[in-house]
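Worksheet: the structure to be examined is printed underneath.
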Amino acid sequence: MRKQIFLASCLWIVSTALAAQAALQTPDEFLPHRIGEQFSEHGQLVAYYQYVAANSDRVQLVEFGRTNELRPQILAIVSTPENLRRIEEIRLNNLRNAGLADGQPDNANPIAIVWLGFSVHGNEAAGSEASMPVLYELANPNNKETSGWLKNTVVLIEPSVNPDGYSRYTSWYRQASPDQPDPDPKAREHNEPWPGGRVNHYLFDLNRDWAWATQVETQNRLKIYNDWLPQVVADLHEQYFDAPYYFAPAAQPFHKYLTQWQADFQVEVGMNHARYFDKNGWLYYTREIFDLFYPSYGDTYPCFNGAIGMTYEQGGHSRGGRAITMPNGDTLTLHDRVEHHTTTALSTVEVASKNAPRLVKNFAAYFNISTNNPPGPYKAFIIKSSNPRHKLKALTALLDRQRIQYGRAGKASGALTGYNFSTGSEGRFTIGEDDLIISAYQPKGLFAQVLLEPEPQLVDSLTYDITAWSLLFAYGLDAYAVKQRVELSPGYAFVQPQKNQPKEAPYAYIVPWNTVQSARLLGSLQQKGVVVRFAEEGFESEGKKYPAGTLIFTRADNRKNPDFNQTLQDLATAFDLEAIPVETGWVSAGHDFGAESVKLAAKPKVLVLSGEKTSDNEFGQVWFYFDKVIDYPATIIDAGQLSGAVLADFNTLVLPEGSYAFDDPTIEMLGDWVNKGGRLIAIGAANLSLADRKGFNLAKFAKDAEKENAKNEAEQIALDHRTALYADRVRSSLSDNLPGAIVQVKMDPTHPLAFGLRPNYFSLKTNNARFDLLKDTWNVGYLEKDFTSLGFIGYNLKKNLKDSAVFAVQDKGQGKVIYLLDNPLFRSFWEEGKLLFSNALFLVN
């Protein structure tokens, strides 16, 4: 009897499960609205994924992290029940194919792995909406076509790559839109307010962050992405509403290290998409605009990790709303946009399934080449152990995130020739036994070459983003690249700072100023009421030499602070820094600690402008610097609120990149405030609002002789343009173009703005503005006549940039104007730029 009851129970469970499968609700049935009628809230999107995972044996749901605003980041793992029962073995076998897991791969029955990422730009919301019908079609057991695909395919779906941005846009739209959509492009619902939902909480573009991993969403994603390493990745976006659909193959330039297989398979995918679009009469285009060069996109990052990475772009984004009138008189609806994205997403899975054996074979071959015959000229990168420890720790932390292996040299070498990242040229050097080595002969070796090599080869200068990015320049490291293999000992242990903590406060403590970690400590101590000095010149104390910029914490300055000694020791330990005690203010070389040149460090009370006059990404970089990089308080106001009364409460004003168009009374107000002791820090394009204005020494126009030359050149160009070919209209502008390149800046190492930096600072230049060397101003960083550059700078522009200012400090009354003409905080991955900005904040006073 018990056996009969057990069998009956089993039959009931099976029949119930089958009934649940058959009755799986569509998004239209589950949501309070039909797909395309209204945008779904992020919570509704997550709820549908949770519902499907709970009611389908084809779906597992993983929460792999939380955003800044604590929204869940989720990934659906979709395949047949049989595959899901052995999903861990499938995942590990894929990593074995890449050489990133122990054991031999078993490819008797190859399984393709596809990653579909939707709406990395949150206001390109049709992607996340489309992810729900895509999930349903794959999970639906009655769909025989998708059921067949899943037999040899695992599909990983990230329905919202940017939950906070998606929520910002969809919440605003639901509040701002009328009951029935208004297709007039002038309507409020088509004009999203600043900063928009494109960006994440800190207004970063997550589609530029894959390689640098500055944002928590990216950091969370990289762990699960690299746990899987898919072979096919589709990154689904939207573009301006009047554009037809874009899909692979990508435009040139392709990075030289991408394989012919990766290029050819994009064509196969695109042709399959075209078959569906042709059938439906939908407009589309390929091989234009969207290239595969910059390594930190949602398509290029997968490419450099062995996958077929592709961007898809549907017309719409925030301008699209639920319906919008097109220039051709047609109406583009949200339903249309969802249908197009659903089609390409499912078509991607189809092509992967039909080509699973080829995908697995070529995926394994990619990593085999990387491990045994990496393509780039530089086969090893040597980072000297003499670099500041926290620079090395910051670099290795990023390498660990990217699963790039590194090690210790283990033994010294004789003299070698290699590319010197300190000078930007070839030079001789030796390897020390404690130097850090990154070999290109490893599974992620090709990716390491892409991130570290001094200058990638650009086959077409008409490109979409920055054209040079080496992390060894970005981190300001004393490092070399060599063309021969260098052996190493796996692993790298850092020497911990001495725990020299006297019970009684010494005469002073000394902390070197050479990484942004020093700025974190300084800012934290100032918030605890600790008074800090810094040396304007190098000195020698108790047998040790210290450079300009060194922080000095004296007992005399802090005699009213009974917790000074313990506070400093505790925070130095927390920040993993050595606070060196000294028993005298007498120095054997340089200036004693009470000398005029040992200055009090500024305690900034910071005001930052934001709002529509600022660039959203660039304001976000400043906000992120204060909030997350150094954890220092800054008051943020809308630029329209700026007034003398507001400024009176602050001693430091930061102008993020933007277009302020200050009127004369505002310029006068800013000048008066600086004259009374204020510090004005202008970044990038913000300087255009100060150029050629009364009281400010910044001049955008060339010198007289250069003006005449420029005039003659302009007249010749104008003459040439009269006979120019129409087909050359885009490329004809490239001679004055600068999408983003590295330039070698000559620095004045004696000025506080340059403390802790090398005399040759490599700056990431992302604008084509040219400023004369400033009169009656400290031109702390400038481009020499024969300056070195890496990446693309148009011929005419590079000529005009010689002898131009990059960083300058104007003494104005009792205050300072600090002109940061290149943005040192760009995308928050230029680590050396963070130190430069910290100099402007704390030391230029």
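The values are calculated or read from the model by the stated rules, or taken from the named source; none is laboratory data. All of these numbers come straight from a predicted model, not from anything done at the bench. Cβ placement follows ideal geometry from the backbone for every residue including glycine, while neighbour counts extend to all protein chains displayed. Heads up: the accessible areas ignore ligands, DNA and RNA and are worked out on the full protein's heavy atoms, side chains in. Shrake-Rupley method; radii C 1.70, N 1.55, O 1.52, S 1.80 Å.
Of note:
- Backbone N atoms of region 119-156 closer than 17 Å to the 7 Å Cα→Cβ label point of residue 23 belong to residues 140-142.
- 20 °C / 1.002 mPa s Stokes-Einstein diffusion coefficient of region 48-154, Kirkwood radius on C-alpha pairs, µm²/s: 140 µm²/s
- When the alpha carbon gyration tensor of region 472-605 is reduced to an equivalent ellipsoid, its three semi-axes come out at 30, 18, 15 angstrom, largest first.
- Qualifying lysines (Cα of each under 29 Å from Cα of residue 144; at least 8 residues distant if same chain): 279, 354, 361
- Computed with every protein chain present, the accessible area of residue 308 is close to 0 Å² [probe 1.4 Å].
- Cross-link partners of residue 613 among aspartates and glutamates (Cα-Cα below 16 Å; sequence separation of 8 or more within a chain): 192, 638, 657, 663
- Close amide H partners of residue 435, meaning residues 5 or more places away or on another chain with modelled amide H under 5 Å apart, are 385, 409, 410.
- Viscosity 0.890 mPa s, temperature 25 °C, Stokes-Einstein D of region 236-365 from Kirkwood C-alpha radius, µm²/s: 159 µm²/s
- Near the amide H of residue 642, within less than 5 Å, lie no amide hydrogens of residues on another chain or at least 5 residues away, with H placed in the peptide plane.
- Relative to the 2.2 N^0.38 Å rule of thumb, region 390-436 has a C-alpha radius of gyration ratio of 1.33.
- Considering only the Cα atoms of region 80-234, their convex hull presents on average a projected area of 11.8 nm².
- Apolar share of the accessible surface for the chain: 50 percent from carbon plus sulfur atoms, 1.4 Å probe.
- Pairs from 256/393; 256/785; 785/816; 393/545; 676/700; 746/785 whose Cα-Cα separation, in the structure shown, is over 19 Å: 256/393; 256/785; 785/816; 393/545; 676/700
- Kirkwood radius and radius of gyration were both taken over the C-alpha atoms of region 108-169, and their ratio Rg/Rh is 1.09.
- Axis angle, to the nearest 10 degrees, between helix 87-97 and the longest C-alpha principal axis of the chain: 60 degrees.
- The listed peptides 485-492, 268-275, 235-242, ordered by packing as a protection proxy, come out as 235-242, 268-275, 485-492 (highest mean of other Cβ atoms within 10 Å first).
- Subtracting the Cα-Cα distance of residue 631 and residue 786 from 0.36 nm times their residue separation leaves 51.9 nm of extension gain.
- Cα long-axis angle, helix 216-228 against the chain (0 to 90 degrees, to the nearest 10): 50 degrees
- Charged-residue dipole, Cβ positions (Lys, Arg, Asp, Glu), the chain about Cα centre, Debye nearest 20: 1780 debye
- Of 763, 588, the residue with the largest accessible area leads and the full order is 588, 763 (1.4 Å probe).
- Note, ³J(HN,Hα) from phi for region 141-148, Karplus 6.51, -1.76, 1.60, rounded to Hz, x at Gly and Pro: x, 7, 8, 5, 5, 5, 4, x
- Flagged links, alpha-carbon separation over 32 Å, of 384/603; 628/799; 599/798; 499/599: 384/603; 628/799; 599/798
- Interchain or long-range residues, amide H under 5 Å from residue 35's placed H: 28
- The chain - Rg (one decimal) and Dmax (whole number), Cα, Å: 29.0, 106
- Global dimensions of region 396-517 from alpha-carbon coordinates: Rg and Dmax equal 18.1, 64 Å.
- Each of the peptides 36-42, 621-627 was scored by the mean count of other Cβ atoms within 10 Å over its residues; in descending order, highest first, they stand as 621-627, 36-42.
- Once the Cα atoms are used to define both axes, helix 704-721 deviates from the longest principal axis of the chain by about 20 degrees.
- Surface per residue (accessible, 1.4 Å probe) for the chain, Å²: 40 Å²
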